[in-house]
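All remarks here apply to the structure that follows.
The values are calculated or read from the model by the stated rules, or taken from the named source; none is laboratory data. All figures in this text were calculated on a predicted structure; none of them were measured in a lab. Here the Cβ is made from the backbone with ideal geometry for all residues, glycine too, and neighbour counts use every protein chain on show. What goes into the accessible areas is simple: the full protein's heavy atoms, side chains included, and nothing from ligands, DNA or RNA. Shrake-Rupley method; radii C 1.70, N 1.55, O 1.52, S 1.80 Å.
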Amino acid sequence: MKKVLVVYYTQTGQQKEILENLLKPLAEDTSVELTYHAIQPVEDYPFPWNKTTFFDAFPESFLQIPCELKPVPPKILDLDFDLIILGYQVWYLSPSIPVNSFLKSEEGRRILNGKPVITVIGCRNMWVMAQEKTKRLLRDAGANLVGNIALVDRHINHISLITIVHWMMKGKKDSYLGIFPKPGVSDEDIIHSSRFGIPILKYLKNGDFSSLQSELVRLEAIRIKPLLVFIDKRGNFIFSKWSKKIREKGFPKDPARRPWLKAFNYYLAFALWFIAPVVSILFLILSLPFYFQMRKSIEYYQSTNLK
Ligand SMILES: Cc1cc2nc3c(=O)[nH]c(=O)nc-3n(C[C@H](O)[C@H](O)[C@H](O)COP(=O)(O)O)c2cc1C
């Protein structure tokens, strides 16, 4: 019997839906035992969000400052798993606070140490730098990252930005104004994610995951868009300045940092709507001579390697 632990966090239920579809081939195999563990913060994050709570989560998300988690049940801590699947979402270009907290916790590190891990990301579209941070956290926990799958909203950046705000603030994954497409990962992509479970099952039975990621890449488990990687990297640089400044002003919920969070809100809106389109056009023109260099970095971000 192969034992698989699925660790995840979700607010909307999307991440759990992705995992259940993706892991169907494993769930249907009698030689595999799947155990789900939902990460639970002691004080959970609100959903739906409002403007204040949404921006207040920024400094701690980006600086990867953990929150307190409810304990992992002893029956999970005591089991010896053959594979761990980590389902996570991105908050502010970083693994979400509950997931980052799990990866840094003593219990999380005990579970992960020495184990093969597959990460499954469900986010809007900007996950590459968050995955680099997750790779580091997994390495520090002694885990062996053997696979990565990223499911995203495939609409253009600005459309997905409008629709995700509607989803996060209203709490419903439906069409904004009846005009815009549904936010988040499409139902079709969620249903078809079960194709990734087939190679996962095969490699789990073999006990050797060394070629899993290249097979997942062939199945289009990862699509890298150089422009989004570029924005992600620039965003990380700018977020590092804002997050440190705001954190200096106070801890979460502290009214002293509200004016700074407001300023960050305005800056972000300006950057996304006015700076990003200009930068995108420049990037598309100027990056052409660097095509081969770009191909190399795409291959790196598709892999489970850590520089
Ligand atoms: C505070 C916050 C920040 C987010 N930041 C990002 C981001 O930087 N990149 C991204 O692609 N998605 C981002 N998202 C979207 C999430 O990754 C995710 O798709 C959404 O929250 C639904 O996930 P869940 O239901 O599994 O919790 C953010 C969501 C929240 C709530």
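Worth pointing out:
- Amide H partners (placed H, <5 Å) of residue 143, local residues excluded: 114
- Accessible surface computed residue by residue for the chain, with neighbouring protein chains in place and a 1.4 Å probe, gives 50 Å² per residue.
- Bridgeable aspartates and glutamates around residue 241 (alpha carbons under 18 Å apart, same-chain partners fewer than 8 residues away excluded): 56, 60, 232.
- Candidates 55, 264, 251, ranked by Gaussian network fluctuation over the chain, Cα under 10 Å, top entry: 251
- The length gained on full extension between residue 3 and residue 248, counted as 0.36 nm times the residue separation minus their Cα-Cα distance, comes to 83.8 nm.
- In order along region 250-263, phi translates into HN-Hα couplings of x, 8, x, 6, 6, x, 4, 9, 4, x, 6, 5, 5, 4 Hz, rounded to whole numbers, per the Karplus curve 6.51 cos²θ - 1.76 cosθ + 1.60 with θ = phi - 60° and x for Gly and Pro.
- Derived scalar couplings ³J(HN,Hα) [region 3-15; Karplus, 6.51 cos²θ - 1.76 cosθ + 1.60; whole Hz; x for Gly, Pro]: 9, 10, 9, 10, 9, 7, 9, 7, 9, 8, x, 4, 4
- Taking 260, 127, 91, 273 and ordering them by how much accessible surface each has at a 1.4 Å probe, largest first, produces 273, 260, 91, 127.
- Database remark: amide H of residue 175 closer than 5 angstrom to no amide H (H placed geometrically; neighbours at sequence offset of 5 or more, or on other chains; Pro and chain starts carry no H).
- Cut-off under 5 Å, modelled amide H: who pairs with residue 36 long-range: 6
- Alpha-carbon centroids, region 111-157 and region 274-300: separation in whole Å: 23 Å
- Within the chain, longest stretch free of exposed GluC sites (Glu not before Pro) [DSSP loop, at most 12 other beta carbons within 10 Å]: 69-219
- In Hz, Karplus ³J(HN,Hα) per residue of region 219-234 (6.51, -1.76, 1.60; θ = phi - 60°; x = Gly, Pro): 7, 6, 6, 9, 10, 9, 10, x, 5, 5, 5, 4, 5, 4, 5, 4
- Close Lys pairs in region 43-174 (alpha-carbon distance under 14 Å; sequence gap of 8 or more, or different chains): 5.
- Full extension of the segment from residue 30 to residue 287, taken as 0.36 nm per residue of separation minus the current Cα-Cα distance, would add 87.5 nm.
- Across the protein chains, with a 1.4 Å probe defining accessible surface, the residues 1, 126 rank 1, 126 from largest area downward.
- Carbon and sulfur %, accessible surface of the chain computed with the full protein complex present, 1.4 Å: 59 percent
- Across 24, 104, 253, mean-square fluctuation computed from a Gaussian network of the chain (C-alpha pairs under 10 Å connected) peaks at 253.
- Principal-axis analysis of the Cα atoms of the chain puts helix 194-206 at an angle of about 40° to the longest axis.
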